[in-house]
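**Q** Below is one structure. I have some questions about it.
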Amino acid sequence: MVDEQFEAKLEEGVGRLQDGLGGVLGDPAPRLTGQGRILRTRVRAACFAAGDAVRDLTVDQPLVAVVTAGMAGFALAMAWVRR
């Protein structure tokens, strides 16, 4: 997990560098690429945090996790049948 977080931070730094370089040169292409890379790493970090929260919930309260998964499966099945 630490390796993925390190890679995410490194990729965010590269994105910031590209964004700054695009701003200095006045070229929108590297700037947009850099901003996209920054956004992608922030979303990736949020997914890591959500995954950690789900894992902690399953370890701490397995019954709540099973009930929640069952309700989500039921809701998906009902949505699938309505199609």
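**Q** GNM, the chain, Cα, under 10 Å: largest mean-square fluctuation among T33, T58, T68?
**A** Greatest mean-square fluctuation among the candidates belongs to T68.
**Q** Helix 2-25: angle to the longest alpha-carbon principal axis of the chain, degrees 0 to 90, nearest 10?
**A** So the inclination is approximately 40 degrees.
**Q** In nanometres, what is the gap between the two model label sites at E7 and R42, each 7 Å from Cα along Cα-to-Cβ?
**A** Each label point lies 7 Å from its Cα, and together they span 2.2 nm.
**Q** For a paramagnetic label modelled at 7 Å from the Cα of Q61 toward its Cβ, which residues of the stretch 69-83 fall within the zone defined by backbone nitrogen distances under 13 Å?
**A** Under cut-off, by backbone N: 69.
**Q** I've got another one for you. If you build a Gaussian network model of the chain, linking Cα atoms that sit under 10 Å apart, which residue out of G70, G36, G22 swings the most?
**A** G70
**Q** Can you compute the helix-only [θ] at 222 nm over the chain? Use -39500 (n - 2.57) per DSSP H run of at least 4 residues, normalise by all residues, nearest 500 deg cm²/dmol.
**A** -33500 deg cm²/dmol
**Q** Across every pair of different alpha-carbon atoms, what Kirkwood hydrodynamic radius in Å does the stretch 2-82 reach?
**A** Result for the stretch 2-82 stands at 15.4 Å.
**Q** Test of understanding: in a Gaussian network model of the chain with alpha carbons linked when under 10 Å, which of A29, A69, A53 would top the mean-square fluctuation ranking?
**A** A69
**Q** Going by alpha carbons, how many degrees (0 to 90, nearest 10) lie between the helix axis of 62-82 and the longest principal axis of the chain?
**A** The two axes meet at around 90 degrees.
**Q** Once both axes come from the Cα atoms, what is the angle between helix 28-60 and the longest principal axis of the chain, in degrees from 0 to 90, rounded to 10?
**A** 30 degrees
**Q** Another question about this same structure. How high is the relative contact order of the chain? Use alpha-carbon pairs under 8 Å, at least six apart in sequence, and give a whole percent.
**A** 22 percent
Throughout, read-outs are computed from the coordinates displayed, never taken from laboratory work. In this text the structure is predicted, and so the values were computed from the model without any measurement. A quick note on method: Cβ atoms are made from the backbone with ideal geometry, for glycine too, and the neighbour counts reach across all protein chains shown.
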